[in-house]
Amino acid sequence: DYQIRYNQIIVNNRIAGFALIVIDVTEKRRAERQRQEFTANVSHELKTPLQSIIGCAELIENGLVKNGDLEAFAGRIRSQGSRLVRLIEDIILLSRLDELHESMHETVSFNQITKEVFESIAHKAEEHHIELIKEGPDITYYGVYRYLYELIYNLCDNAVKYGKDQGYVKVITEETEKKIIIKVKDNGIGIPIEHQARIFERFYRVDKSPPRRMGGTGLGLSIVKRVVLFHKGKIKLESKEGVGSTFIVCFKKRLAADKTQEQAADTE
Ligand code: ADP
């Protein structure tokens, strides 16, 4: 997309020439379109559970629900309410990620993050007899703890959500001379090849119906991607339907001392 501007060049109060300026606004328009799409999606996603809650309440109010069915209706209101809370939390987190600051960096340990993530998903994993495993050395990295936690949390939470009963979820850390690699691997349902390119998009889901275990928001992987990009890393997916998925995150090695050197280089 282009925008064309036409200017007169004036020298000593006289028209000395004309300038035709062509501005490439492709990126600006694309960002604007994405923002509009996101807002439309957000309102749709928020309205769906709310309409369901209002619908249930109306039926009860009008005496159309038999006493024996009240519990089921209360359950529906509760689960749709919880879904709303998750959606709002994810939307807030995503908008905070847009204003991440360098000053939030600290030295973090991936073993520590993994331990905390495993603790918070242990009950879901136990329910489905899914084993949580950490492999590889402890790696320290200079980054934003809260967001790196979200990265590992969302990948592990998905791995459990889309895992198979009696399966496993592994967090594997590896390091090379210049890079650190974090893999989150499951032997769950896998992601069909035709969906793999799109799953990092906001609100994109392979199956439009709510996931079989705990309704997802469709925002988890966009949070993951945002955190990876902020830390100037890369993310890759290897997955096979019915076999399992591995998400591979790669960061350049970075310690607090490197950060000071980077700052010094910036001011030179
Ligand atoms: P959701 O909240 O729906 O889980 P995400 O953004 O986290 O949203 O993931 C997008 C979609 O990618 C999911 O709906 C699911 O279909 C698919 N997906 C993500 N992780 C996995 C996984 N480990 N195994 C299988 N499918 C997955």
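The values are calculated or read from the model by the stated rules, or taken from the named source; none is laboratory data. Being a predicted model, the structure only gives us computed values, none of them experimental. Don't worry about glycine lacking a Cβ; one is built from the backbone with ideal geometry, like all the others, and counts go over all protein chains shown. Calculation scope for accessible area: heavy atoms of the full protein, side chains included, ligands and nucleic acids excluded. Shrake-Rupley method; radii C 1.70, N 1.55, O 1.52, S 1.80 Å.
Here are some notes:
- Among Lys253, Lys232, Lys185, the largest mean-square fluctuation in a Gaussian network model of the chain (Cα springs under 10 Å) belongs to Lys232.
- For the chain, averaging the sequence separation of C-alpha pairs within contact (under 8 Å, six or more residues apart) and dividing by the residue count gives a relative contact order of 15 percent.
- Solvent-accessible area of Glu32 with every protein chain in place, 1.4 Å probe, in Å² to the nearest 10: 80 Å²
- Trypsin sites (Lys or Arg not before Pro) lying in DSSP loop within region 1-82, provided at most 11 other Cβ fall within 10 Å: Lys66
- Signed unit charges on C-beta, dipole axis of region 58-163, positive-most listed residue Ile92, Gly163, Ile152: Gly163
- The angle between the Cα long axis of helix 256-267 and the longest principal axis of the Cα atoms of the chain comes to about 30 degrees, rounded to the nearest 10.
- Paramagnetic label zone (point 7 Å from Cα along Cα-to-C-beta, Asn111; backbone N under 15 Å) in region 149-176: 171-175
- Just the protein heavy atoms count here, and of the accessible area of region 96-163 at 1.4 Å, carbon and sulfur take up 47 percent.
- Where chymotrypsin sites (Phe, Trp or Tyr not before Pro) fall in DSSP loop in region 122-183, at most 12 other Cβ within 10 Å: none
- Nearest-ten-degree value, helix 110-127 long axis tilted from longest Cα axis of the chain: 40 degrees
- Chain lengthening between Asp98 and Lys66 when straightened (0.36 nm per residue, less Cα-Cα): 6.7 nm
- Over all orientations, the chain has a Cα convex hull whose mean projected area works out to 23.1 square nanometres.
- Rounded to whole numbers, the Karplus 3J(HN,Hα) couplings from phi for region 29-35 are 5, 5, 4, 5, 4, 4, 4 Hz, using 6.51 cos²θ - 1.76 cosθ + 1.60 with θ = phi - 60°, and x at Gly and Pro.
- Cα centre as origin, Lys/Arg/Asp/Glu Cβ charges: the chain dipole, Debye: 660 debye
- Think of region 25-71 as having a plus end and a minus end, set by charges on the Cβ of Lys, Arg, Asp and Glu; of Ser43, Gly63, Ala31, Ala31 sits farthest toward the positive end of this dipole.
- Probe 1.4 Å, protein heavy atoms only - accessible area per residue of region 9-150 in square angstrom: 66 Å²
- Residue-averaged 222 nm ellipticity for the chain, from DSSP H runs of 4+ at -39500 (n - 2.57), nearest 500: -16000 deg cm²/dmol
- Region 37-79 and region 118-171 have Cα centres lying 32 Å from one another.
- The amide H of Lys253, built 1.01 Å from its N in the peptide plane, has Lys179, Ile180 as neighbours under 5 Å, considering only residues 5 or more places off or on other chains.
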